[in-house]
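The values are calculated or read from the model by the stated rules, or taken from the named source; none is laboratory data. Here the structure is a predicted model, which is why all the values come from computation and not from measurement. FYI the Cβ positions are ideal-geometry reconstructions off the backbone, even for glycines, and counts take in every protein chain you see.
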Amino acid sequence: MKFIHIADVHLGVVPDAGKSWSEKRAADIWTTFTEVFAVAKKIKVDMVLIAGDLFHRQPLIRELREINYIFEQVPEIQVVIVAGNHDFLSVASNYRTFSFAKNVVFLKKNEIESVYFPELNTEVYGMSYWHREETSDVYDHITPKRQDAINILLAHGGDAKHIPFSPAKIIENGFDYIAAGHIHKGGVLEGMSVNPVPLDSNRKITTMQAVMAGALEPIDSNDTGEHGFWVGEITKAFGQVQFCPLRKCQYVHETIQLSSQMTNMAVQTIVKNLLANRKPYELYKIFLTGTLNADTELDLDWIRNQEAVVDVICSLRQDYDYDRLREENEQQLLGRFIAAMQSQGESEVYKKALEIGVEALLSAKLDR
């Protein structure tokens, strides 16, 4: 049985709100979802497995009609869906009453159910979220009904608040493949805990029994690394999977180490050079670390407003001339505080306390 496995599409999300590329990113996520089904048709898969969070929030009727149109274009492909914690089946959810195409099975119950496809000798098990959090370890206690069938668990979860599970237990119970979602970093699952291990960069087909699909596309700047979908083939004797990366967007975390001698213009030059060499699909979250002269003012808004910069996180330490400050303020609280802290030695704890205290006292002095 040949399949595509996706999860965490988050249709309806608007990434990086307020940025010039935000609306395009939202549209690209819809386009990517459509392209997955074009690939499914081209390579003639038997089934597409969607492991939760197809939508970022409760879907609108018009949005359900749009995805149903996509499903209708591939009537030869079986589609199996569960709802995740973002698009859970609330009391008023449009999922509850919407009629999908004949080739779509939505496992809507808030308990484990299954659907058997005799022509594929494949049974898919799963359940949908009816609440934002589902804490039961229900997946670990399922035993397939047909041991001679290909048994697949469509699972959304993997942390304490969202159906924790053990891949090893589920496989031991008789499942041939775990098609998981929820954790946005995709990879092969092994052992007792859910810790996705990405495939190596040459994209080799890999034998497997459990995969966390990861987000189809990154939805915010913390979704670093590659994202995409998984193509697999499984029988009762073997299973193999291949990761297919997408490159409409990739977030990169870049750390810039500053020294106290650097000026604002020097930092801007580093940022300009970094962005000049970026790949077209890369968006940057920049972390500024190190020390900065107390007299230097960084224009963080300039960095944030550069094209392809999502955010700037500043954790710089002020490089104060403590000896000069102590001498100039010898008879004042600031000077006495510096002298007292310097007498405690060179431990990192006292250095940090000295920095925080001096900054607070200088700020109080400026505010008068």
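Some observations on this one:
- Some residue of region 19-29 being in a strand (DSSP E or B) and out of contact with any helix residue (DSSP H, G or I) (no Cβ under 6 Å at 6 or more places or on another chain): no
- Odd one out for Phe88, checked against (1) without any contact (Cβ under 8 Å) to a residue 60 or more places away in the chain; (2) within 24 Å of Leu120 (Cα to Cα); (3) in contact with a Phe, Trp or Tyr (Cβ under 6 Å, 6 or more places away or on another chain): (2)
- Single condition Ser22 does not satisfy, out of (1) under 18 Å from the mean Cα position of the chain (by Cα); (2) within 18 Å of Ala213 (Cβ to Cβ); (3) among the hydroxyl-bearing types (Ser, Thr, Tyr): (2)
- Selection count, region 27-72, where residues are within 27 Å of Ser114 (Cβ to Cβ), charged (D, E, K, R) and touching a residue at least 60 places away in the same chain (Cβ under 8 Å): 2
- Of the residues making up region 302-317, those that are in a strand (DSSP E or B) and among the small types (Gly, Ala, Ser) number 0.
- Test: residue in region 296-311 that is touching a residue at least 12 places away in the same chain (Cβ under 8 Å), aromatic (Phe, Trp, Tyr) and surrounded by 15 or more Cβ atoms within 10 Å (Cβ to Cβ): no
- Ala38 being of a type in the set (Gly, Ala, Ser) and at pLDDT below 95: no
- Filter result (over 24 Å from the mean Cα position of the chain (by Cα) and closer than 16 Å to Ala179 by Cβ) within region 117-137: Phe117, Leu120, Thr122, Glu123, Val124, Tyr125
- Single unsatisfied condition, Gln240 versus (1) modelled with pLDDT under 95; (2) of a type outside the set (Phe, Trp, Tyr); (3) assigned to a helix (DSSP H, G or I): (3)
- Within region 37-61, the set of residues being β-branched (Val, Ile, Thr) and either over 21 Å from Ser128 (Cβ atoms) or outside any helix (DSSP H, G or I) (or both) comprises Val39, Ile43, Val45, Val48, Ile50.
- Residue within region 281-294 that is more than 23 Å from the chain's Cα centre (by Cα) and not in a strand (DSSP E or B) present: yes
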